[in-house]
Amino acid sequence: MIKQNKTKNKRDADNSRFTPASGVARKLSDFTTTSAILKLIPLSVIIGVFGAFIALFLLDLIAVISNLLYYQRFDLNLTSPRNNTLGWLAVLIPMAGGLIVGFMARYGSERIRGHGIPEAMETILVGGSKVEPSLTILKPIASAISIGTGGPFGAEGPIILTGGAVGSVLAQFLSLTAIERRSLLVAGAVAGMSAVFGTPIAAVILGVELLLFEWKPRSFVPAAIASMVADGVRHVFVNQGWMRAEPLFPVGKMTQLGTTGLFDTVILGIICGGMAWLLTKAVYGAEDAFRKLPIHWMWWPILGGLIVGIGGVIEPHALGVGYDTIADELAGNLAVTTLVSIFVVKLIIWAVALGSGTSGGILAPILMMGAALGGLLGLVFPGKIPSEWALLGMAGALAGVMRSPFTSIVFPIELTHSTNLFLPLLITVTLAHLISVLTLKRSILTEKVARRGFHVLREYAVEPLEVLFAEDVMSTNILTIRTGTAMSEVKEMIQAQHDMRKQRLLPVVNLEGIILGAISWQDVLEKALDGNLSGTVDDFMHKDIITTFPEESLRSIADRMATHHVGVLPVVDRQQKGKLRGLITQFELLEARDRILQEERKRERILKMWSIYRYGNHEHSAISSLQQYFRSSKDAEGKS
């Protein structure tokens, strides 16, 4: 029997039982990524090119439809419907768009409904990152019709799903794992966003915060390469019109906010967090209202188009993607009444249209409503310029609604190239994100996934199984069987143990302690019941056993257990040719998880005032002793 190492296995109050495996940490790498990632790089380049061209095609298609219907002309320049002169006849245009999208969803693919990002999340989480090839055609066409007919959406959501579909379809033609398909799906998604907005960094961060569900080079590198390539294509092929190679929303140099302005950003962040609650409740409240209608969901987009058309007559700025309106908000060119009207009307028609199940993105509407809110508050805050607060409002709205704080900071900066508001952006985004997390169980993105029966956890942390090793948690007080032992004697040994059920595997070792095989105590008892205890343990033991080493991480051990469907592994010495060191079961793996639970739940006061006072006195005494020593040394030198 292996003796127990009491010093090592003793659990102290501070969980000091878990000690690093000596010398192992220096041999391990920071990342688990292998050279297999290299085969994804050329695929990422191809996806970046295709994603960019699909994004540009979708934008041109939106422009053609919008110009034909609202201005009766053929033009590839994206023009807002807000300047049309059709009057109340314009109400029929979004209704017609809703009718077409409804038919396409019912008789083509229902997955074209929605704003794209939740659908991409669901495909990654439960669909093995396998997108229907038909979506690469149906989604952009449906979105172009919905937005081109005045739908109050952005093009980025559909482009994210369409770009992701391109990456997924390409991956499905190759022999790749689900994780590799996911990497290429996200690469296509961020390529589309980068091509639309010219924000390659924000696109990658969005992919990390919303779609990758991990922070590893195997996912980040393909997404970054695709985003870079897509932005490069944008610079080459887009040099005129609304979408130039310069920032999408160029603004003048913004002044840095003073101390009072920083306090105002706190207020803005809190209000943006409340705005996120309002927008989320409005969208899903509208969806719940549509579900109560006694008609098929195919007809819902027509009713949504009716509300959009009426809202467009009341406030034309609320129609379409609204990039020009956002630019006016950032420039401070809109009156107070217009800002109020934009916020209210955009909120209503956007929530109703999304709730009706039509196709369109949410980024641009959030930017518009956030800029309107920030511009209004900028007029209230003393001595401030509304354009600066419009930018902060955009960031706060994104952080609250989408709960992607880093994207919400970088995205406005790349859109405007304004770099003077880092601290105000951080304050606004942090508070908006905090308020949203505390007041809403799910974001506007994850709520749709949850309504389909799936849960998305947006928190990422280092798994304790990654940083602990087998020798940190393995059991060393175990029963071993010497080779050649009779089965009847093995039965007596098991019966002599009081709690043998905790050790399900009995290692068989030779005189040197080298493991030769193993037998389970259940096998021994079953053979005893059958009266078949003749022979030795060597006749019944399993010789082809799976082992692990003391310096292996618990993550690799858990993976091996799952692969081979076993719940216990012998731990053998790598240097001494299989000498048994202990056993590790799934219960020891759970103990590693318990360490994190203790850190999260156990509250303790480490320092107290009296201890600090005592420490201070000791420090003072030590300093006094040193000073006295040096004075004595100087006096001695003087006398000599």
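Numbers below:
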item: Correct choice for Rg and Dmax of the Cα atoms in Å that was computed from the model, options [x] 32.4, 110; [y] 25.1, 87; [z] 27.5, 102; result: [x]
item: Positive-end residue, the chain charge dipole about Cα centroid, Cβ charges, pick of Leu505, Gly163, Ala562; result: Leu505
item: Size of charge dipole - the range 259-450 - debye, nearest 20, with Cβ of Lys, Arg +1 and Asp, Glu -1, no other charges; result: 600
item: Antiparallel content of DSSP bridges confined to the chain, in %, to 5; result: 80
item: Relative contact order (percent, whole number), the range 259-450, Cα cutoff 8 Å, 6+ residue spacing; result: 30
item: On Cα atoms only, tilt of 178-197 relative to the major axis of the chain in degrees; result: 30
item: Whole-number percent relative contact order across the range 37-237, with pairs defined as alpha carbons under 8 Å at least 6 apart; result: 29
item: Using alpha-carbon coordinates, inclination of helix 554-564 to the longest axis of the chain, degrees; result: 90
item: Cross-link pairs Lys491/Lys543; Lys346/Lys448; Lys527/Lys579; Lys577/Lys602; Lys216/Lys441 - those with Cα-Cα distance over 30 Å; result: Lys577/Lys602
item: Degrees between helix 40-71 axis and first principal axis of the chain (Cα, 0 to 90, nearest 10); result: 30
item: Residue order, fewest to most beta carbons within 10 Å, for Asp472, Asp75, Asp544, Asp324; result: Asp544, Asp75, Asp324, Asp472
item: Qualifying aspartates and glutamates (Cα of each under 12 Å from Cα of Lys281; at least 8 residues distant if same chain); result: Glu447
item: Among Val462, Leu583, Ile145 the positive-end extreme of the charge dipole of the chain (Cβ point charges); result: Leu583
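Coordinate-derived values only; no laboratory data. None of these values were measured; they are calculated from a predicted model. Positions of Cβ are generated from backbone atoms using ideal geometry, with glycine treated the same way; all protein chains shown enter the neighbour counts.
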